[in-house]
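Down below is the structure, laid out as structure tokens.
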Amino acid sequence: MLKAIAAVAFAATVGSLTLSAHGEDASREKCTCDVEHRPVQEHGAVVNNATACWSTIDVQREWCQITVQALEGDPQHDAIISEFVRADDPASLVAVLQTLAMSSIPADNDQSKVAKAKAELPAVIKSFDKLTQNCIDGFLKPSENKEERTNIDEGAFACRVGTETGWLRLSYRVGDVQFVFMIAPHG
């Protein structure tokens, strides 16, 4: 009987250690949108088989739209990474991101808040060109100061590289609309 109690206590201890060792849900670092950040994702959406996407979030309405740019196994993912590698200066990188954004964020035919924000997005991307370059360099090239280069929050711009997944998240905010580019690491 004493052995059984000890075994149950050991199993409970090991089980609780395993659970507490996990960080935040790694799926949050992937193609997702969630306007309420809580320990468990209860809002928004996630695309499980995507490797690159844009998320458009209207924070006031708690509404989001995800546009997939590459799916698992799709050569488009490698093409985007190659574009980042070739863009060796902030201006080239801005051009790549502006092209990706304009081709991925659906056009609104009306004069909605999202449509107006989309029209301003290229200028917002350009205004954060050097921070974006630092972040993408940190995403592509491991270095001793990677955390500094990939954990940036400067008002309308944020950059993160997921610690569990390695996914890059670039976020640009225009008023109440947030545009987030997410891409999986290479290979």
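Pairs are defined by a Cβ separation below 7 Å, a sequence spacing of at least 6 or placement on different chains, a first member in region 155-179 that is closer than 18 Å to Val47 by Cβ, and a second member that is surrounded by fewer than 21 Cβ atoms within 10 Å (Cβ to Cβ) and among the hydroxyl-bearing types (Ser, Thr, Tyr); the pairs so defined are Gln178/Ser171.
Cβ-Cβ distances below 7 Å connect the following pairs, each with a first residue in region 48-64 that is more than 11 Å from Asp34 (Cα to Cα), a second residue that is at pLDDT below 85 and among the hydroxyl-bearing types (Ser, Thr, Tyr), and a separation of six or more residues or different chains: Trp54/Ser104. Looking only at region 161-187, residues that are of a type in the set (D, E, K, R) and part of a strand (DSSP E or B) come to 2 in all. Per the listing Arg28, Arg38, Arg61, the residue uniquely basic (Lys, Arg), at pLDDT 65 or above and either part of a helix (DSSP H, G or I) or surrounded by 13 or more Cβ atoms within 10 Å (Cβ to Cβ) (or both) is Arg28.
In region 103-113, the residue that is modelled with the lowest pLDDT out of those that are surrounded by 14 or more Cβ atoms within 10 Å (Cβ to Cβ) and within 19 Å of the chain's Cα centre (by Cα) is Ile105. Would you call Lys126 at pLDDT 95 or above, closer than 16 Å to Phe181 by Cβ and assigned to a helix (DSSP H, G or I)? Against the criterion (at pLDDT 95 or above, closer than 16 Å to Phe181 by Cβ and assigned to a helix (DSSP H, G or I)), Lys126 qualifies. For region 64-88, filtered to residues that are within 23 Å of Asn134 (Cβ to Cβ) and among the polar types (S, T, N, Q), the residue that is modelled with the highest pLDDT is Ser82.
Go through region 75-102 and count every residue that is touching a residue at least 60 places away in the same chain (Cβ under 8 Å) and either over 19 Å from Val180 (Cα atoms) or surrounded by fewer than 17 Cβ atoms within 10 Å (Cβ to Cβ) (or both). So the answer is 1.
Taking region 43-58 as the region of interest, how many residues are in a loop (DSSP other than H, G, I, E, B) and either modelled with pLDDT of 80 or more or surrounded by fewer than 17 Cβ atoms within 10 Å (Cβ to Cβ) (or both)?
Of the residues in region 43-58, the ones in a loop (DSSP other than H, G, I, E, B) are 43-44, 47-49.
Adding the requirement that they be either modelled with pLDDT of 80 or more or surrounded by fewer than 17 Cβ atoms within 10 Å (Cβ to Cβ) (or both) leaves 43, 47-49.
Adding up the residues that qualify gives 4.
The values are calculated or read from the model by the stated rules, or taken from the named source; none is laboratory data. Keep in mind it's a predicted model, so treat the numbers as computed, not measured. With ideal geometry, Cβ positions are generated from the backbone for all residues, glycine too; neighbour counts draw on all protein chains shown.
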